[in-house]
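Below you'll find the structure, written out as structure tokens, and then a few comments.
The values are calculated or read from the model by the stated rules, or taken from the named source; none is laboratory data. Just so it is clear, the model here is predicted, and its values are computed rather than measured. With ideal geometry, Cβ positions are generated from the backbone for all residues, glycine too; neighbour counts draw on all protein chains shown. In case anyone asks, the SASA skips ligands and DNA or RNA and just uses the protein heavy atoms, side chains included. Shrake-Rupley method; radii C 1.70, N 1.55, O 1.52, S 1.80 Å.
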Amino acid sequence: MQLRYSFRLRPDAYQQKALAKAFGCSRVVFNDAVRAREDARRAGQPFPTAGQLSRKLITEAKRTPERSWLAEVSSVVLQQSLRDAESAYKNFFTSLKGERRGAKMGAPRFKSRKDARQSVRFTANARWSITGSGRLNLPKIGAVKVKWSRTLPATPTSVTVIKDAAGRFFASFVIDTDPAADATRMPESDRTIGIDLGLTHFAVLSDGTKIDSPRFLRRAEKKLKKAHKELSRKQKGSKNRAKARLKVARAHARVADARREFHHQLSTKLISENQGIAVEDLTVAGLARTRLAKSVHDAGWSSFIGMLAYKAERYGRTLVKIGRFEPTTQTCSTCGVKDGPKPLNVREWTCGACGTVHDRDHNAAINVKTAAGLAVSACGAPVRPGAIPAQREETGSHGFPTEPRAA
Ligand SMILES: [Zn+2]
């Protein structure tokens, strides 16, 4: 399976300029490809092939005065941009046909220089390399300083260079994992666990453990709130407002990093300790307009579940997602009687049938585990109800503009 490892880059002034050029050219080629497709569609003609686009939008375009500057960047970057446009269309069409999982995708849109995230991709044949002194050598850009926060487990097949909204540069490498090494790292376990994602705690486990977001994350969130408040007090169009906006972007990035770090640590721990993991399927779309929706969004549960999914696949674990509408909070986990709806403020309740006193979230976590059929069978082996394959998309097609923690 493929994973991404991201590292902070420290390009010098010259390299930043060269990267800006690469971002710009890659964007122009992408937009030209979208336009060519749109024009063909409007004229009722067949879509141009990848080969035709490559010839017209790169090779021939370089000879025109309007696009001559395309020659200043690595042509592999431009080819990759064409391929990205192609796959954006492919995803769009499979989504239209209903063959693609997840939310419906829109048609590819034009990219703008004002987009918060800029990126270029270098594939294996792009003649990029990691130098002996640990710099990332990119064609027509140079040897860029890298902050290696961990070692790469294998030789990467491609690298994407990203500039995020906070103005930071990252290199995101794609690595093929080694199944043998993974099996040694996380041997099989006979434990199973149910997870309830709730409002009062980040997660409550079926063994009674309550997990809150760590202090470093709460501190980053507090700083973000403060930065937001300062921004709202600045006059529109003023220099101070621009400064405050950058501060907000940086605080945002720090919160996102801290949250990702927390999610990585927790998901790795849960996957390492348990063979079977059951969790409620929080399809955020289904929660729209509920009180939980904001909380789900803020806590980033979907990305947490995504991590559980790809790590389960990587380490041979079973992740079971159960429907959001199983009455996990209403059912007594001791006797199975449905005790009726419990308002959100009820944190503890007594079962009317068997008299067991329940902690709301702990009871729900046990029910999640049971509903998933993960109760350990008589011989002690975990029962495996139809394993749900981890989502490919979660494994690395998202840029993780952060320190690498693809544990
Ligand atoms: Zn009961």
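The table for this structure:
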{"quantity": "Check on Glu230, of a type in the set (D, E, K, R) and not in a loop (DSSP other than H, G, I, E, B)", "calculated": "yes"}
{"quantity": "Scan of region 1-52 for residues that are closer than 17 Å to Phe93 by Cβ and crowded, with 20+ Cβ neighbours inside 10 Å, ordered by number", "calculated": "Ala33"}
{"quantity": "Residue selected from region 332-367 under the condition more than 27 Å from Gly276 (Cα to Cα), open to solvent by less than 50 Å² (accessible area, probe 1.4 Å) and within 14 Å of the ligand (Cβ to nearest atom), by the criterion nearest to the chain's Cα centre (by Cα)", "calculated": "Lys342"}
{"quantity": "Tally, over region 87-114, of residues that are under 18 Å from the mean Cα position of the chain (by Cα) and not polar (S, T, N, Q)", "calculated": "7"}
{"quantity": "Failed item, numbered, when Ala71 is tested on (1) of a type outside the set (Phe, Trp, Tyr); (2) part of a helix (DSSP H, G or I); (3) farther than 30 Å from Arg168 by Cβ", "calculated": "(3)"}
{"quantity": "Qualifying positions in region 208-248 - surrounded by fewer than 18 Cβ atoms within 10 Å (Cβ to Cβ), more than 30 Å from Glu348 (Cβ to Cβ) and of a type in the set (Gly, Ala, Ser)", "calculated": "Ser232, Gly237, Ser238, Ala242"}
{"quantity": "Residue within region 80-87 that is of a type in the set (D, E, K, R), closer than 26 Å to Ala166 by Cβ and surrounded by 12 or more Cβ atoms within 10 Å (Cβ to Cβ) present", "calculated": "yes"}
{"quantity": "Condition check for Ala107: of a type outside the set (Val, Ile, Thr), part of a loop (DSSP other than H, G, I, E, B) and touching a His at 6+ places or on another chain (Cβ under 9 Å)", "calculated": "no"}
{"quantity": "Test for Ile175: is it touching a residue at least 24 places away in the same chain (Cβ under 8 Å), farther than 20 Å from Ala20 by Cβ and open to solvent by less than 20 Å² (accessible area, probe 1.4 Å)", "calculated": "yes"}
